[in-house]
Amino acid sequence: MTDLLDRPPGGLPYPGGDGDDLELMLMIRAFEYKLLDLFAAGMLNGTTHTCLGQEHVPVALSPLMDPRDHVFSNHRGHGHYLARYRDPHGLLAEIMGREGAVCGGVGGSQHIHRDRYMSTGVQGESLPVAAGVALHLSRAEPGAAAWAYIGDGTFGEGAVYEALNIAALWRLPVVVVVENNGIAQSTPTTAHLAGTIAGRAAAFGVPHLAIGSTDPAEIRDIVAEPLGHVRDGRGPLVLEFRTHRLGPHSKGDDTRDEQTLREARAGDWYHRYAAADPGGLARVESEQRAYVAAVADEVAARPPSTGRAACG
Ligand SMILES: Cc1ncc(C[n+]2csc(CCOP(=O)(O)OP(=O)(O)O)c2C)c(N)n1
Ligand SMILES: [Mg+2]
C-alpha cells in the first residue's frame, strides 16, 4: 500500500508523471464512480457528467502540456482537471460546495477556473476563446499552445468552424482534442455528423490525427512530432480520439441499447491492463478506490464553502 491515505487533505499534490499512468487513470475512474454514488445520495451541488471510459486521453496528453499552455475543457472535464492538477480534494470540494473548493463552490462540475485552465458547459464556446488565447500566446509566449477538449456532438456548433478557420489562417497554436465517443447525449454520431471530422479539418487545411490507441505512452509518441509543429508556429492540429462513454450522458440518462453498451464496454482501456497484469491492476485499483473514498470522507466533513476560491 502506498502512502496515499496519509497525505494531508488538499495538501501535498498527487504524485506522478509519465510513470504512473495507470494509477492516475484509476484515480480518475474511482473519482467518477464516487461522484455517481454521492449524487445518488443527494450530496452534490448541481449536475455532473463523468468521463468514465475516456480517462486515458487527458492522462496521455497532460505530460505533453507545458505549464504555459492554456487548457479549455468542457462539461465532461473531471479527468482533464485531475490529469493536469492531481487535485481530487479541490475538485470534489467544488462539486460538493465545501471549503477548499477550486472556485469557491460557484463553478460546480462544469465551470472550473484555475490558472491556465478553464472549463465550460456551453458546447462550442471554448474554441473561439482558445483561438484568441492562442493569438496572444503566439505573440507573448511563443512555443506555448492552447488546448481545447471537445466532443463529436460539439462539431454541430458553428463557432467551431469560425475558430478553426481563423486558427488555420493565422497559424495559431491551437490543439483541438476531440473525444469522439460516438454519441452526443442521446444522438449517435452517425445521426448528427455529415462526412467526417477528418474531412472537416481538411477543409481548413488543418492536420488531423485519428488515434485509436488507449495506451498513454503510445499516444504521446504519436502526438509528440505534430505537437512540435504547433509549437513551432505552423498552425493548429486536430487530435481525434476514438473513445467510449461507459456511463450515462449525465446520471441516469443512458438511452443506448444493450448491444451498443456491450461494444462500449469492450473498448474500455481497462481490459488491456487486466489482460497484461490482473493482480497488479487489482492492487492499484483498490488503492485508488481507498484513496478516493478517504478524499470524499474528508471533503464531506468540511464546512460549506464561503465562496472564496482556493485557486486563482
Ligand atoms: C450550446 C449548448 N447546446 C446544448 C447543450 C446541452 N448539451 C450538453 S452536453 C451535450 C452533448 C455533447 O455531445 P459531445 O460534444 O459529443 O460530448 P459528450 O457529451 O459526448 O462528451 C449537449 C447537447 C449545451 N450544454 N450547450
Ligand atoms: Mg460525444
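The values are calculated or read from the model by the stated rules, or taken from the named source; none is laboratory data. As the structure is a computational prediction, the values presented were derived from the model and not from experiment. Note that we place each Cβ from the backbone using ideal geometry, even for glycine, and neighbour counts take in every protein chain shown.
Quick one: what pairs do we get from the range 179-193, first residue in contact (Cβ under 8 Å) with a residue 24 or more places away in the chain, second aromatic (F, W, Y) and near ligand 2 (Cβ under 10 Å from one of its atoms), C-beta under 8 Å, 6+ apart or different chains?
L193/F155
At pLDDT 95 or above, away from ligand 2 (no atom under 16 Å from the Cβ), at negative phi and in contact with a strand residue (DSSP E or B) (Cβ under 9 Å, 6 or more places away or on another chain): does that describe R84?
Considered against the rule, which asks whether it is at pLDDT 95 or above, away from ligand 2 (no atom under 16 Å from the Cβ), at negative phi and in contact with a strand residue (DSSP E or B) (Cβ under 9 Å, 6 or more places away or on another chain), R84 comes out as yes.
Looking at the range 110-130, can you tell me whether even one residue there is of a type in the set (D, E, K, R), under 18 Å from G199 (Cα atoms) and either at pLDDT 95 or above or not in a loop (DSSP other than H, G, I, E, B) (or both)?
no
I need the strands (runs of 3 or more DSSP E) fully contained in the range 137-212, keeping only those with at least 3 residues that are away from ligand 1 (no atom under 15 Å from the Cβ) and under 21 Å from S62 (Cβ atoms).
208-211
Do we find that G77 is surrounded by 24 or more Cβ atoms within 10 Å (Cβ to Cβ), at pLDDT 95 or above and in contact with a strand residue (DSSP E or B) (Cβ under 7 Å, 6 or more places away or on another chain) in this structure?
yes
Tell me which residues, restricted to the range 126-157, are away from ligand 2 (no atom under 16 Å from the Cβ) and not hydrophobic (A, V, I, L, M, F, W, C).
P128, G132, H136, S138, R139, E141, P142, G143
With the condition kept exactly as written, say whether any residue in the range 206-215 is among the small types (G, A, S), in contact with a Lys or Arg (Cβ under 6 Å, 6 or more places away or on another chain) and under 21 Å from R76 (Cα atoms).
yes
For the range 133-142, indicate whether the set of residues that are modelled with pLDDT of 95 or more and touching a helix residue (DSSP H, G or I) at 6+ places or on another chain (Cβ under 6 Å) is non-empty.
Looking through the range 133-142, none of the residues is modelled with pLDDT of 95 or more and touching a helix residue (DSSP H, G or I) at 6+ places or on another chain (Cβ under 6 Å).
Go through the residues of the range 265-281 one by one and say whether even a single one is more than 16 Å from G151 (Cβ to Cβ), modelled with pLDDT of 95 or more and of a type in the set (D, E).
Yes, the range 265-281 contains at least one residue that is more than 16 Å from G151 (Cβ to Cβ), modelled with pLDDT of 95 or more and of a type in the set (D, E).
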